[in-house]
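> I have a structure I would like to understand better, so I am pasting it below and will then ask my questions one at a time.
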Amino acid sequence: LLLSHHSRRKRAHKAIQPMKLIAPVLLSVFSIGSVGAIAHGPGASSRPQLSITIRDGNFTDLDGLEPTITWENSAYVEDVNIRYGIDLSARTTNLAALPRRIWGRASRIFNDRFALSTRLEMDVQSMDRIDFEIDGEDEENDLKMRMSGSASKNVGGGILKNSARVAFVEFTKGFDNDGNRVTINPRYNLDHQRGDVVMTYDADDTLIQVTASKDDQVVTISQKLNEDNIISPTLSRDGSLSLAWDRKLGDDNSIRTTLNPNRSVEVEWRDAAWTANVNFPMDQADLTGAQVHIKRDVKF
């Protein structure tokens, strides 16, 4: 899973054969977690973590519920940190339809400075594609890189072909300016041929974020009023304005309210394992068509 980007770059066209690699790679990830010697390594997780998520949206009966079971675990193999997991549907009676998503991530730090992480993810119900994500970091130079894409098998001209493509690339460079934090984050979406740059300036209680592209520019200024309250107005090039208010209500308990004038009011309430989202579409002075989503994570 974890490859040296520089040493394997020349052989990438030979190494990426998605449909031939999907099953062996993912199976090897899960088999690693079952080896007793690995579980005793530093930082290993001896017990898997099981979480049950139930989502509640617009529905009139129990058919609107979407319960899912998520199982994940982690282990160390020498200097490589490996995490892996699977999402299962808790509603279906069809055993073949139980698995939804399977994933694995491998991370390693080189020379106490460079970090490289690779993640593979696959929709079990559509095994002709695997998504990948590669993250790199140079801590000494305050530089991060992320690249994501997919590898798939498709039919072209009546011939079955393997293909891999990069869909998104971004870099983040950080600076220190008299004790204040400055970051520059250029991003590019190859699928839509669109790019933008996100710039932030963090000065204690004030955070300024500017997102600029060829078509739009957005400025957000977040001001910390006290330990419990943050106000964040956002202004776009087209004149649209939104106002967000974040308030801490206690340990693991917070609420975020976002006002989009003449459009909507959004409220997100987090209370430990509970998360509730309420959206009120706004028609002038009236609030109609409210949508409610509730999620509960149970870990044992």
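The values are calculated or read from the model by the stated rules, or taken from the named source; none is laboratory data. Remember, predicted model here, so these are calculated numbers, not experimental data. FYI the Cβ positions are ideal-geometry reconstructions off the backbone, even for glycines, and counts take in every protein chain you see. Please note that ligands, DNA and RNA were not included when accessible areas were found on the heavy atoms of the full protein model with its side chains. Shrake-Rupley method; radii C 1.70, N 1.55, O 1.52, S 1.80 Å.
> Of all residues in region 56-80, which are touching a helix residue (DSSP H, G or I) at 6+ places or on another chain (Cβ under 9 Å), at pLDDT 50 or above and open to solvent by 40 Å² or more (accessible area, probe 1.4 Å)? Before you say what the answer is, go through the steps one by one.
Taking region 56-80 as the starting set, the residues that turn out to be touching a helix residue (DSSP H, G or I) at 6+ places or on another chain (Cβ under 9 Å) are 56-58, 73-77.
Add one more test, that the residue is at pLDDT 50 or above, and what stays is 73-77.
Matches in region 56-80: TYR76, VAL77.
> Which of the residues belonging to region 244-286 are under 26 Å from the mean Cα position of the chain (by Cα), assigned to a loop (DSSP other than H, G, I, E, B) and farther than 22 Å from LEU225 by Cβ?
Across region 244-286, the qualifying residues are ALA272, ALA273.
> A further question follows. Restricting attention to region 175-188, does a residue exist that is within 20 Å of ILE134 (Cα to Cα), at pLDDT 95 or above and either open to solvent by less than 40 Å² (accessible area, probe 1.4 Å) or aliphatic (A, V, I, L, M) (or both)?
Just the residues of region 175-188 that are within 20 Å of ILE134 (Cα to Cα), to begin with: 184-188.
If we keep only those that are at pLDDT 95 or above too, we end up with 184-188.
When the remaining residues are screened for being either open to solvent by less than 40 Å² (accessible area, probe 1.4 Å) or aliphatic (A, V, I, L, M) (or both), the result is 184-185.
Yes, because at least one residue in region 175-188 is within 20 Å of ILE134 (Cα to Cα), at pLDDT 95 or above and either open to solvent by less than 40 Å² (accessible area, probe 1.4 Å) or aliphatic (A, V, I, L, M) (or both).
> Within region 81-92, can one find any residue that is at pLDDT below 70, surrounded by fewer than 17 Cβ atoms within 10 Å (Cβ to Cβ), out of contact with any strand residue (DSSP E or B) (no Cβ under 8 Å at 6 or more places or on another chain) and of a type in the set (D, E, K, R)? Show your work before the answer.
Going residue by residue through region 81-92, those that are at pLDDT below 70 are 90-92.
Now drop any that are not surrounded by fewer than 17 Cβ atoms within 10 Å (Cβ to Cβ), which leaves 90-92.
Next, from what is left, pick out any that are out of contact with any strand residue (DSSP E or B) (no Cβ under 8 Å at 6 or more places or on another chain): 91-92.
This time we only want the ones that are of a type in the set (D, E, K, R), so: 91.
Checked against the condition, which is being at pLDDT below 70, surrounded by fewer than 17 Cβ atoms within 10 Å (Cβ to Cβ), out of contact with any strand residue (DSSP E or B) (no Cβ under 8 Å at 6 or more places or on another chain) and of a type in the set (D, E, K, R), region 81-92 yields at least one hit.
> Still on this structure, I have one more. Quick check on my filter: what residues within region 186-214 are within 22 Å of ARG165 (Cα to Cα) and not charged (D, E, K, R)?
Narrowing region 186-214 to residues within 22 Å of ARG165 (Cα to Cα): 186-196.
Result: PRO186, TYR188, ASN189, LEU190, HIS192, GLN193, GLY195.
> A follow-up question, please. Residue by residue through region 98-133, note down the ones that are aliphatic (A, V, I, L, M) and assigned to a loop (DSSP other than H, G, I, E, B).
Within region 98-133, the first condition is being aliphatic (A, V, I, L, M), and the residues that meet it are 98, 102, 106, 109, 115-116, 120, 122, 124, 127, 130.
Matches in region 98-133: LEU98, VAL124, MET127.
> Hey, could you check region 255-275 for residues that are of a type in the set (Ser, Thr, Tyr) and under 22 Å from PRO233 (Cβ atoms) and say which is surrounded by the fewest Cβ atoms within 10 Å (Cβ to Cβ)?
Let us first name the residues in region 255-275 that are of a type in the set (Ser, Thr, Tyr), namely 257-258, 264, 275.
If we keep only those that are under 22 Å from PRO233 (Cβ atoms) too, we end up with 257-258, 264.
Values: THR257: 15, THR258: 17, SER264: 18.
Going through the qualifying residues, I end up with THR257.
> Mind listing just one residue for me: the one in region 111-133 that is β-branched (Val, Ile, Thr) and crowded, with 18+ Cβ neighbours inside 10 Å and, of those, farthest from the chain's Cα centre (by Cα)?
Among residues in region 111-133 that are β-branched (Val, Ile, Thr) and crowded, with 18+ Cβ neighbours inside 10 Å, the one farthest from the chain's Cα centre (by Cα) is ILE130.
> Before we move on, is ALA244 within 17 Å of SER232 (Cα to Cα), open to solvent by less than 60 Å² (accessible area, probe 1.4 Å) and at pLDDT 85 or above?
Details: within 17 Å of SER232 (Cα to Cα): yes; open to solvent by less than 60 Å² (accessible area, probe 1.4 Å): yes; at pLDDT 85 or above: yes.
Taking the combined requirement at face value, the residue satisfies it.
> Only residues in region 216-230 that are farther than 19 Å from ARG194 by Cβ and part of a loop (DSSP other than H, G, I, E, B) count as the first member; pair them with residues that are open to solvent by less than 60 Å² (accessible area, probe 1.4 Å) and of a type outside the set (Asp, Glu), Cβ under 8 angstrom, at least 6 apart or cross-chain, and list the lot.
Here the result reads LEU225/ILE231, each pair linking region 216-230 to a residue that is open to solvent by less than 60 Å² (accessible area, probe 1.4 Å) and of a type outside the set (Asp, Glu).
> Return yes when GLY136 is part of a strand (DSSP E or B), modelled with pLDDT of 80 or more, open to solvent by less than 30 Å² (accessible area, probe 1.4 Å) and in contact with a His (Cβ under 8 Å, 6 or more places away or on another chain) and no when it is not.
Working: part of a strand (DSSP E or B): yes; modelled with pLDDT of 80 or more: yes; open to solvent by less than 30 Å² (accessible area, probe 1.4 Å): yes; in contact with a His (Cβ under 8 Å, 6 or more places away or on another chain): yes.
So GLY136 passes the test.
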